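Worksheet: one structure, shown below.
The values are calculated or read from the model by the stated rules, or taken from the named source; none is laboratory data. Because the structure is a prediction, the values reported are computed rather than measured. Positions of Cβ are generated from backbone atoms using ideal geometry, with glycine treated the same way; all protein chains shown enter the neighbour counts. All accessible areas refer to the heavy atoms of the entire protein, side chains included, with ligands and DNA or RNA removed. Shrake-Rupley method; radii C 1.70, N 1.55, O 1.52, S 1.80 Å.
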Amino acid sequence: KAKAYLKRLKYIETALRLNREELQRLKERTLAIGGTSSDGERVKSSNVIEDRFAQCVAEYVDLAADIISKEVELEKERKAIINNMSKLDQEEYEILYKIYVAGKSLQETADEMNRSYSFVTSKHGTALAHLQKILNKEAKQ
């Protein structure tokens, strides 16, 4: 349960990245409609182009507002997860942070902490158990 909770951080990072990519794609599409020809000259406007451009701008603005709202919620969730991790002792926090926030492997974490792989895997399990206790306590409140 605690592990799935922490894996939510990866989902959040992916969702934020994909939202930004979608916004950039729509921005580029919008700019391409009313912009310039391939030789850099301004294209003469027609009502059809102006209508399409206005529609794309409206879609862009709506999507931007939606993405900003989603990003605020995702960032709140991310901060809450990290805040719960910070309730652990320093070493447990560091291990979970490196693995679930920084995306390091257990071996990379062990190397960076100058600890053995077996120590880190054991401490990782202990940290997950301690985090689960924190989550259970929080759920009861």
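State the percentage of accessible surface on the chain attributable to carbon and sulfur atoms; use a 1.4 Å probe and exclude ligands, DNA and RNA.
Working: 4870 of 9240 Å².
The C+S portion of the solvent-accessible surface of the chain is 53 percent.
With a cap of 14 neighbouring Cβ atoms within 10 Å, and only residues DSSP puts in a loop, list the GluC sites (Glu not before Pro) found in segment 48-122.
On the way: sites: Glu50, Glu59, Glu71, Glu73, Glu75, Glu77, Glu91, Glu92, Glu94, Glu108, Glu112; in loops: none.
Nothing satisfies the criteria.
Structure shown: which of Lys10/Lys137; Lys7/Lys70; Lys27/Lys79; Lys7/Lys104 lie over 21 Å apart, alpha-carbon to alpha-carbon? Spell out each step's value before the answer.
Numbers: Lys10/Lys137 24 Å; Lys7/Lys70 18 Å; Lys27/Lys79 29 Å; Lys7/Lys104 13 Å.
Over 21 Å apart, Cα to Cα: Lys10/Lys137; Lys27/Lys79.
How many Å² of accessible area per residue for the chain, probe 1.4 Å?
On the way: 9240 Å² over 141 residues.
Here the per-residue accessible area is 66 Å².
Of the listed values [x] 17.0, 58; [y] 22.9, 69; [z] 14.8, 44, identify the label whose number matches Rg and Dmax of the Cα atoms in Å calculated from this model.
So the calculated entry is the one marked [y].
Would you mind computing, in nm to one decimal, how far apart the modelled labels at Lys140 and Leu31 are, each placed 7 Å from Cα along Cα→Cβ?
5.5
Expressed as a rounded percentage, what relative contact order does the chain have, with Cα pairs under 8 Å and six or more residues apart?
Values: 88 pairs, mean separation 40.2, N = 141.
For the chain, the relative contact order is 28 percent.
Where does the longest stretch of the chain lie that holds no trypsin sites (Lys or Arg not before Pro) found in a DSSP loop with 11 or fewer other Cβ atoms within 10 Å? Intermediate results must be reported in sequence, preceding the final value.
On the way: sites that count: Lys1, Lys44.
That would be 45-141.
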